[in-house]
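Below: the structure, in structure tokens.
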Amino acid sequence: MKTEIVVPNELKDISLKQYQKFLKIQNENDDQYFLQCKMIEIFCQLDALAVRKMKLNDAERVSKIINDIFKNKPKLIQKFTLNGIEYGFLPNLENMSFGEYIDLDTYISDWQNMHYAMNVLYRPIKEKIKNKYLIKEYNTDTKDNMIDMPLDVVLGAISFFFHLGMDLSTNMMNYLENNQREDLTDYLSSLESGDGINHFMHSLREILQSSKISLN
């Protein structure tokens, strides 16, 4: 009896929950063949026995397809639908509350809690006005709802914040080149929670570096 395999072709075909599950196993094991089995099992939603019965060539081909998916550069996705609910990215980051920032900064550095961070950044859309939209208030009780969100949305949001931080660093260097060095203190004081931003961007950089599956 042949087993039908549904292989993900894009990041959107993989859920955050699946990726969290694989990363947890990957962090605890370094056996290449075991991880290859688990990758196919998790992302293709097969049981372990079905994976072991696969032909070697088929298993290697499926592994390559999945690995190649993670070579794509993620882009920010402002809206997506999950379980019949349309979610929108936080429209105005400057209006983020202190509590929202604390939760985002706390959870975005840990893949196993990434759905909590995404709950800060994406909210159900309550009203649309042409190309703009309004989202619901931040609700910590809905954090588990994001665990099944598509991985392309997650990586796109992380990449967006990482490049936002890179732009901030570039602007700072340009400022130093065009202004007196003694003005640096004034510039730095204009940035709220400078240490927090540096920590935040460091966490994002590590996340992006760890977001590529490689069994070679």
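Sites listed here are trypsin sites (Lys or Arg not before Pro) in the range 1-69 whose DSSP assignment is loop and whose Cβ has at most 15 other Cβ atoms within 10 Å: LYS2, LYS53, LYS55. Summarised as an ellipsoid, the range 17-147 has semi-axes of 35, 17, 13 Å, derived from the eigenvalues of the Cα gyration tensor scaled by 5 and square-rooted, with the largest first. The calculated FRET efficiency for ILE5 paired with PHE34, based on their beta-carbon distance and R0 = 22 Å, is about 0.70. Taking other Cβ atoms within 10 Å as a rough exposure proxy, ILE85, ILE14 sort from fewest to most as ILE85, ILE14. Distant-in-sequence amide contacts of LEU82, defined by a placed amide H-H separation under 5 Å and a gap of 5 or more residues or a different chain, comprise TYR87. Can you list the residues, at least 5 places off or on another chain, whose amide H is less than 5 Å from the amide H of ILE14, using H built in the peptide plane? Hits under the 5 Å cutoff: LEU151, ASP152.
Neighbour counts of other C-beta atoms within 10 Å: give me MET96, MET149 arranged from fewest to most.
By the 10 Å Cβ count, ascending, the order reads MET96, MET149.
Computed from point charges on the beta carbon alone (+1 for Lys and Arg, -1 for Asp and Glu), the dipole magnitude for the range 25-148 about its Cα centre is near 760 Debye.
PRE reach from LYS53 (point 7 Å along Cα→Cβ): which of the range 4-28 fall under 11 Å by backbone N? The answer is 4.
Taken one residue at a time, the phi angles of the range 22-36 give Karplus couplings (6.51, -1.76, 1.60, θ = phi - 60°) of 5, 4, 4, 5, 4, 6, 9, 9, 10, 6, 4, 6, 4, 5, 5 Hz. Gly and Pro are set to x.
Each residue of the range 70-77 was assigned a 3J(HN,Hα) from its phi angle through the Karplus curve 6.51 cos²θ - 1.76 cosθ + 1.60 (θ = phi - 60°); the sequence is 7, 8, 6, 7, x, 10, 5, 10 Hz, with glycine and proline shown as x. For the set LYS12/LYS128; LYS64/LYS132; LYS71/LYS136; LYS64/LYS126, the pairs lying more than 30 angstrom apart at their alpha carbons are LYS64/LYS132; LYS71/LYS136; LYS64/LYS126.
Note that the range 42-50 has calculated 3J(HN,Hα) couplings of 6, 7, 9, 6, 10, 7, 4, 5, 5 Hz, one per residue in order, obtained from phi through the Karplus relation 6.51 cos²θ - 1.76 cosθ + 1.60 (θ = phi - 60°); glycine and proline are x.
Coordinate-derived values only; no laboratory data. Because the structure is predicted, anything quoted here is derived from the model rather than measured. Neighbour counts are summed over all protein chains in view; Cβ atoms, including those assigned to glycine, are modelled from backbone coordinates with ideal geometry.
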